[in-house]
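The values are calculated or read from the model by the stated rules, or taken from the named source; none is laboratory data. Every value quoted in this text rests on a predicted model; they were computed, and no experiment measured them. Glycine also receives a Cβ, built like all others from the backbone with ideal geometry; neighbour counts cover every protein chain displayed.
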Amino acid sequence: MNVAQEIEYLRDLMPVSGRMLVKLIAKADRPLTIEAPFPYPWQRSRKVYFNLHHWRQLSRAERDLLMLRTVMWVTEIRWLKWDLYRGAAIAGMLATIVETVQGDPLGIVAAGSLTAFAARQVWRRTQSSDQDISADEAAVSIAQRRGYGAETAALSLIQAIEHAAELEGRSSLEFTEVIRCQNLRAIARLSSEPIVTPPSAD
């Protein structure tokens, strides 16, 4: 596999928002098949790492859907998208700066505590199964614009989740992954049918 060509292909696969924000990094020593660190407001780019050794063992469809799903997850975390906790986190950060300039220890502690609490709530929301399911559904939707049928895309993502777990040495899926696969089976209309693995392709 030519790494430069693969990265260029994956960038073309992404939606425009992904190309603008996401930086792909191929590594042979990553413990997970693909991972995206939680992005903080001060980070201008969203890094997505993928394990080259694992990546080569996935089919083309599995790679496509796994990458799309990860890109959709990491780009959907928007600190400037207004809601109660994001607003509180931003307000807390600004208040912390003001209190630091003014040299008010109690104000610094109060503002810092507000920031920490609100940021933790935002982080917890992004780690929820709802966020994962939303990213899966967005990936299937984007894949349809790239020539996949909805059923094929959902099936390929199920297989990618299961294959990645095997490559990472896990004997079973995590609870959230099980929930995600159930939702994807509903999309693929495979809830009561056996999963058939499509032929692998480079």
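With respect to the stated conditions, Val71 is closer than 16 Å to Ile161 by Cα and not basic (Lys, Arg). Taken together, the residues in the range 1-19 that are modelled with pLDDT under 95, of a type outside the set (A, V, I, L, M) and outside any loop (DSSP other than H, G, I, E, B) amount to 3.
Among the residues of the range 34-76, the one identified as assigned to a loop (DSSP other than H, G, I, E, B) and among the basic types (Lys, Arg) is Arg44. Counting only residues that are more than 19 Å from Asp136 (Cβ to Cβ) and among the aromatic types (Phe, Trp, Tyr), the range 11-59 holds 4 of them. Restricting attention to the range 125-184, the residues that are assigned to a helix (DSSP H, G or I), under 19 Å from Ser59 (Cβ atoms) and in contact with a helix residue (DSSP H, G or I) (Cβ under 9 Å, 6 or more places away or on another chain) total 27.
Every test in (1) among the aliphatic types (A, V, I, L, M); (2) at pLDDT below 75; (3) not in a loop (DSSP other than H, G, I, E, B) is passed by Val101 save one, and that test is (2).
Condition check for Arg189 on (1) farther than 12 Å from Arg69 by Cβ; (2) surrounded by 14 or more Cβ atoms within 10 Å (Cβ to Cβ): one failure, at (2).
If you check Ala139, Ala143, Ala150, Ala154 for being at pLDDT 85 or above and closer than 18 Å to Glu35 by Cα, only one passes: Ala139. The number of residues in the range 1-18 being touching a residue at least 40 places away in the same chain (Cβ under 8 Å) and β-branched (Val, Ile, Thr) comes to 1.
The residue that is farthest from Ala164 (Cα to Cα), among those in the range 19-52 that are in contact (Cβ under 8 Å) with a residue 60 or more places away in the chain and surrounded by fewer than 19 Cβ atoms within 10 Å (Cβ to Cβ), is Phe38.
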